[in-house]
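Participant: The structure that follows is given in the form of structure tokens.
Just so you know, all these numbers are worked out from the coordinates, no wet-lab data involved. Computed from a prediction, not measured in an experiment: that's the story for all the values here. Here the Cβ positions follow ideal geometry from the backbone for every residue, glycine too, while neighbour counts run over all protein chains shown.
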Amino acid sequence: MICSGENERQLRAISASVRGKMSEQGVHPRRSEGEPSSGWVVVDYGDVIVHIFSVTERSFYQLEELWSDAVTVLAIQ
């Protein structure tokens, strides 16, 4: 999953929401890297990896290009 927020507060809220909802389902991350203040948080749930970017970092890393041949499961714009 690749998503972005416009500022550190939004990145923190997205990260907390994802972690909270997954935890409610009994799913806990295998590993997590980054902080909202860095502009990129990665949370590894095994079969699903969540990338939470600032708008600038998302544009820079362009992960959508890396995964362009993969099937899109859900796109929200």
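Participant: Excluding ALA70 itself, what net charge comes from residues whose Cβ is under 14 Å from its Cβ, given Lys and Arg +1 and Asp and Glu -1?
Facilitator: Values: positive: none; negative: ASP47, GLU64, GLU65, ASP69.
So the surrounding residues net to -4.
Participant: For the pair ARG9 and SER32, how long in nm is the line joining their label points, each one 7 Å along Cα→Cβ?
Facilitator: 2.1 nm
Participant: Quick one: ILE76, ILE49, fewest Cβ neighbours within 10 Å first, how do they rank?
Facilitator: Details: ILE76 4, ILE49 15.
With the fewest neighbours first, ILE76, ILE49 line up as ILE76, ILE49.
Participant: What chymotrypsin sites (Phe, Trp or Tyr not before Pro) does the chain have in DSSP loop regions with at most 15 other beta carbons within 10 Å? Don't jump to the answer; show the numbers that get you there.
Facilitator: Details: sites: TRP40, TYR45, PHE53, PHE60, TYR61, TRP67; in loops: TYR45, TRP67.
The qualifying sites are TRP67.
Participant: Moving on. Order by neighbour count: THR56, THR72, fewest other Cβ atoms within 10 Å first, most last.
Facilitator: Values: THR56 12, THR72 8.
With the sparsest Cβ surroundings first, the list reads THR72, THR56.
Participant: Only counting other Cβ atoms within 10 Å, I'd like VAL73, VAL43, VAL48 sorted with the fewest neighbours first.
Facilitator: On the way: VAL73 7, VAL43 20, VAL48 13.
Least crowded to most crowded, the residues run VAL73, VAL48, VAL43.
Participant: Here is a follow-up. Can you compute the FRET efficiency between GLU64 and SER17 using 1/(1 + (r/R0)^6), with r the Cβ-Cβ distance and R0 = 22 Å? Round to the nearest 0.05. Before the final figure, lay out the partial values.
Facilitator: Values: r = 22 Å, r/R0 = 0.98.
With R0 = 22 Å, the Cβ-Cβ based efficiency is 0.55.
Participant: Sticking with this one: Taking H as built 1.01 Å from N, whose amide H comes closer than 5 Å to the amide H of ILE2, not counting residues under 5 places away?
Facilitator: Amide H neighbours of ILE2, under 5 Å, 5+ apart: HIS51.
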